[in-house]
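For reference, the structure is listed below as structure tokens.
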Amino acid sequence: MERRKILKAADQVDRVDQQVDQIQSRVTALEQLLADLRQQSQSLKESLANAAAKSSQERTALLEEVSKMLAERKEREKAKATDKAAAVTKPVEKEGYEHIVAKGDTLSSIAQAYNSEYQLKLTSETIRQANQLAKNAPLKVGQKLIVPSK
């Protein structure tokens, strides 16, 4: 009977040893999984930081490009306004300036160009009246207009 108890206890100890071995195997596997997850987490953090830096660089480059484009556009508009006024500024006695209509010219754009170039205070209406144009009369390329100097 004693012997049976000892054998039974030995069986139980063997089962407990097996369970401990299984638990240790699981713990080892979990520790390895945890190490892998930590490594993946670190890799993802680095990737995210790199993506953020790249995004910031791209944003800066885009902003610089847009700024250049806007500056170029302003220069072109300024040059266009100056060209319109300079190309057609021929004094006509004491009445004002002779302007030859170019493609895209309107009475408003002509008035604006001369106002800017000569510090005049013209309106499209004053140019219309100086040239005895009808209210809805279209301008023609090459048409000569008198732009009043007063």
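What follows is calculated from the coordinates using simple rules that are stated; it is not laboratory data. Bear in mind that the values here come from a model prediction, so they are computed numbers and not experimental data. Glycine also receives a Cβ, built like all others from the backbone with ideal geometry; neighbour counts cover every protein chain displayed.
Which ordering of Ile6, Ile146 is given by a fewest-first count of other beta-carbon atoms within 10 Å?
Lowest to highest Cβ neighbour count: Ile6, Ile146.
Can you put Lys80, Lys68 in order of Cβ neighbours within 10 angstrom, beginning with the fewest?
With the fewest neighbours first, Lys80, Lys68 line up as Lys68, Lys80.
Between Ala35 and Ala137, what length comes free when the chain is fully extended (0.36 nm per residue of separation minus the Cα-Cα distance, one decimal in nm)?
Gain on extension, Ala35 to Ala137, equals 28.4 nm.
With a Förster radius of 25 Å, plug the Cβ-Cβ distance of Ala130 and Lys103 into 1/(1 + (r/R0)^6) and report the FRET value to the nearest 0.05.
It comes to 0.70.
In degrees, nearest 10, range 0 to 90: what is the angle between the Cα axis of helix 2-87 and the longest Cα principal axis of the chain?
10
Given charges of +1 on the Cβ of Lys and Arg and -1 on the Cβ of Asp and Glu, with all other atoms neutral, how large is the dipole of the range 1-83 about its Cα centre, in debye to the nearest 20?
Taking the Cα centre of the range 1-83 as origin, the dipole is about 220 debye.
Once you charge only the Cβ atoms, +1 for Lys and Arg and -1 for Asp and Glu, what is the size of the charge dipole of the chain about its Cα centre, to the nearest 20 debye?
For the chain, the charge dipole is close to 620 debye.
List the residues whose amide H sits under 5 Å from the amide H of Gly96, counting only those 5 or more places along or on another chain, with H placed 1.01 Å from N in the peptide plane.
Distant-sequence amide H within range of Gly96: Ser149.
Pop a pseudo-label 7 angstrom from the Cα along the beta-carbon direction at both Asp11 and Ser43 and give the gap in nm to one decimal.
The modelled label-to-label distance comes out at 4.9 nm.
Could you please tell me the mean projected area of the C-alpha convex hull for the chain, averaged over all directions and given in square nanometres to one decimal?
Over all viewing directions, the chain projects a mean Cα-hull area of 18.5 nm².
How many Å³ per residue does the convex hull of the Cα positions in the range 98-150 occupy?
It is 69 Å³ per residue.
Compute the long axis of helix 107-118 from its Cα atoms, compare it with the longest principal axis of the Cα atoms of the chain, and write down the angle in degrees, 0 to 90, nearest 10.
90
Once the other residues with Cβ under 14 Å from the Cβ of Ser124 are scored (Lys, Arg +1; Asp, Glu -1), what is the net sum?
Numbers: positive: Lys121, Arg128, Lys135; negative: Asp105, Glu125.
Result for the neighbourhood of Ser124: +1.
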